[in-house]
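Nothing in this text is a laboratory measurement; each read-out follows from the coordinates by a stated rule. Note that the coordinates shown come from a computational prediction; the quantities given were computed from them, not determined experimentally. Here Cβ is always computed from backbone atoms with ideal geometry, including for glycine, and neighbour counts include all displayed protein chains.
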């Protein structure tokens, strides 16, 4: 996820309430920049970015809560729920990626092994679902899973894929509800009030 | 004597009826006024009818403010102070409007509470009287605006009590007396409403001198002079003169009165309401005459700025706050605010019960410094628990605290010194990454441990294989956290956080 947008034209001596609204408007736009990916459940990175954007908006509303009207609490609640739902989805994505890695390591041939070696050497995560250090640690070539262990991992992978589908549906239903109630406009109106 | 340009300032107030500017050379106790202009924009009418400042009113207001800014700059004003009052306090889209003013004119508008408005008005309306009078003379000031009325009592320059009531000439006209001219039934309804609203004001001293300020009071004095209800040399309004004004205003259409007596027509429309409010206030305090001052909140702003410097509004707010505290302690058995709040329940809450939204008006940098200190403190509170590693929640909590701290840094980036910001941001991000790696592993481990308990025996071996690998990885992450925190100097981190946001930057106030 890219760093949060730097908001220019902030005035250090202006009332905090005014500046807080400028920041919240930008964070709200950042959130909706990712909305186009909501309908595709396999846009994992983009959905993760949506989650980070929701979190940034939520924290902005919380940090400056004293300067916003009471209605901000409702917005914070919705964002927290959204963030939790997308967080669970991301947890599933990470576990699924890890399980695929564990299961694919032995049978995927030289190209796969080379790719893993490259990932393990990376110092930073740089958009990878799993941190390179974790890949290196789990895929220790001296300790691959046995056939019996692989069976358990395969069953876990299947179960986790089902869990992910359910989690995506929960998130998607909530998102639809927010769209129906015009959540974006609600936040804009809330920010326009004192 | 040449004018010291650094002491020339402009003061604009955005009220419910008018937008008004005074440019003056100011000292702590005196003003030499260079310009005094007013435009009737009636923002309050839009707020009363729709709850919002309409686009048309926003455009009109912006045009006036731009013109005033040019005027102040032409006169060499070093600062232009701007406040907004009742209509803006009430509007649903006030924040948007204030931001629009800031964006399009570069002027920061301070939204002041009714109490601060009252105190500033008092300073402005009385500075000439107080210079000449007995310093302990009991007096009161009423500022009748378009959307609210402020009443302040004092001994000389020492304020003893103040209140702000959301009743003004504009709002009373819009709600009770919309006909032109207003009819008898409307007049009676307005009077009945006012009497019930004013009845419970628990003023704690006798009032023998009442100074009225605001557009309505000054226009009524002007009308009384031009219509020969008062001699030109008399600068106070008598009960007889007001009765004659009322008769004229309730029997003649506003346009005709305006034309005949050289009054602005928009002002003349709301003048009957202003007349009724002043009459009811005089009746409430058993007075037969009131003085009229052409000075008010704008002059008060300029005097406060000259007295207190850049923190002028903060000082006024602090004084008002202290007075409210004293008052509530003195009235513990019969709180003034409660009675007043009940009396005006038909309109909106009393401003005596509201203070300035301190956080809203606090300078952005000051708020940021406070928040950064608080959040860093909360973050570091978890340090020992994370190192102990008895409870996985500690890592989670500390990671969340690091994210909140980063959210503040993100918000304040453009206000920070770039090099210092980068350094501290990297530091906090590094800490957050270490915590994140540990936390993400904890989440997976928890999930796998739960799953292990729930699956058939033949699936457990694979789960345990993964758990063991992850536990080993988690242990590496714990060591990394321990090494990091062993090296972390909290004092240096605090200093870096505190120094990345500048202090005391110049403002236009």
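Counting only C-alpha contacts under 8 Å and six or more residues apart, can you give the relative contact order of the range B:351-509 as a whole percent?
Working: 112 pairs, mean separation 51.6, N = 159.
The value is 32 percent.
Taking 8 Å as the Cα distance limit and 6 or more residues as the minimum spacing, I'd like the relative contact order of chain B as a percentage.
Working: 824 pairs, mean separation 75.0, N = 509.
Relative contact order for chain B comes out at 15 percent.
Once you average over the residues of A:81-92, how many Cβ atoms of partner chains fall within 10 Å of each Cβ?
Details: counts 0, 0, 0, 0, 0, 0, 1, 1, 0, 2, 5, 1.
For this peptide, the per-residue mean of nearby foreign Cβ atoms is 1.
Can you put A:67, B:108 in order of Cβ neighbours within 10 angstrom, beginning with the fewest?
Starting with the residue having the fewest Cβ neighbours, the order is B:108, A:67.
Enter the Cα centre distance for the pair the range B:204-231 and the range B:395-459, rounded to the nearest angstrom.
Rounded to whole Å, the Cα centres lie 66 Å apart.
Going by the alpha-carbon gyration tensor, a ≥ b ≥ c the square roots of its eigenvalues, is chain A rounded (a/c under 1.5) or, if a/c is not under 1.5, prolate (a/b greater than b/c) versus oblate?
prolate
If you fit an axis through the alpha-carbon atoms of helix B:215-226 and take the longest principal axis of the Cα set of chain B, what angle between them do you get, 0 to 90°, nearest 10?
10 degrees
So for chain B: antiparallel DSSP bridges make up what percent, rounded to the nearest 5? Write out the running numbers ahead of the final one.
Working: 34 of 50 bridges.
Of the beta bridges lying entirely in chain B, close to 70 percent run antiparallel.
Counting each pair of different Cα atoms once, what's the Kirkwood radius of the protein assembly as shown in Å, rounded to one decimal?
Values: mean 1/r = 0.0341 Å⁻¹.
Taking every pair of different Cα atoms in the protein assembly as shown, averaging 1/r and inverting gives 29.3 Å.
Write down the percent of antiparallel bridges among all DSSP beta bridges whose residues are both part of the protein assembly as shown, to the nearest 5. Intermediate results must be reported in sequence, preceding the final value.
Details: 35 of 51 bridges.
Counting DSSP beta bridges with both partners in the protein assembly as shown, the antiparallel share is about 70 percent.
Taking only Cα atoms, what is the 0 to 90° angle, nearest 10, from helix B:312-330's long axis to the longest principal axis of chain B?
Between the helix axis and the principal axis of chain B, the angle is about 80 degrees.
If neighbour count is taken as other Cβ atoms inside 10 Å, put A:143, B:115, B:174 in order from fewest to most.
Details: A:143 11, B:115 26, B:174 21.
Ordered from fewest to most neighbouring Cβ atoms within 10 Å, A:143, B:115, B:174 come out as A:143, B:174, B:115.
Going by the alpha-carbon gyration tensor, a ≥ b ≥ c the square roots of its eigenvalues, is the range B:56-156 rounded (a/c under 1.5) or, if a/c is not under 1.5, prolate (a/b greater than b/c) versus oblate? Kindly include the intermediate steps, with their values, before the conclusion.
Numbers: a/c = 3.06, a/b = 1.65, b/c = 1.85.
Here the range B:56-156 falls in the oblate category.
What shape does the range B:364-500 have by the C-alpha gyration tensor, where a ≥ b ≥ c are the square roots of the eigenvalues, rounded means a/c under 1.5, and otherwise prolate means a/b greater than b/c and oblate the rest? All intermediate terms of the calculation are to be shown ahead of the outcome.
Details: a/c = 3.04, a/b = 2.58, b/c = 1.18.
In terms of gyration-tensor shape, prolate.
Which angle from 0 to 90°, rounded to the nearest 10, does the C-alpha axis of helix B:265-284 make with the longest principal axis of chain B?
It works out to around 90 degrees.
For the range A:5-59 and the range B:62-127, what is the separation of their Cα centres, given in Å?
Spelled out, the Cα-based centre of one part sits 30 Å from the other.
When you look at the Cβ of every residue in A:17-30, what mean number of other chain Cβ atoms sits within 10 Å?
Numbers: counts 12, 13, 11, 6, 5, 5, 6, 1, 2, 2, 3, 0, 0, 0.
Taking all residues of A:17-30 together, the mean is 5.
Could you work out the helix-only [θ] at 222 nm for chain B, with each DSSP H run of four or more residues adding -39,500 (n - 2.57) and the total divided by the number of residues, to the nearest 500 deg cm²/dmol?
On the way: 21 runs with 306 residues, N = 509.
After summing the helix terms and dividing by residue count, I get -19500 deg cm²/dmol.
Based on the alpha carbons, how large is the Rg to Rh ratio for chain B when Rh follows Kirkwood?
Values: Rg = 30.1 Å, Rh = 26.3 Å.
The Rg/Rh ratio comes out at 1.14.
Within 10 Å of each Cβ in A:184-191, how many Cβ atoms from other chains are there, averaged over the peptide?
Numbers: counts 0, 0, 0, 0, 1, 3, 2, 4.
Average neighbour count from other chains, rounded to a whole number: 1.
Of all DSSP beta bridges located in the range B:115-299, what percent are antiparallel, nearest 5? Before the final figure, lay out each step's value.
Numbers: 17 of 24 bridges.
Restricted to the range B:115-299, the bridges split so that about 70 percent are antiparallel.
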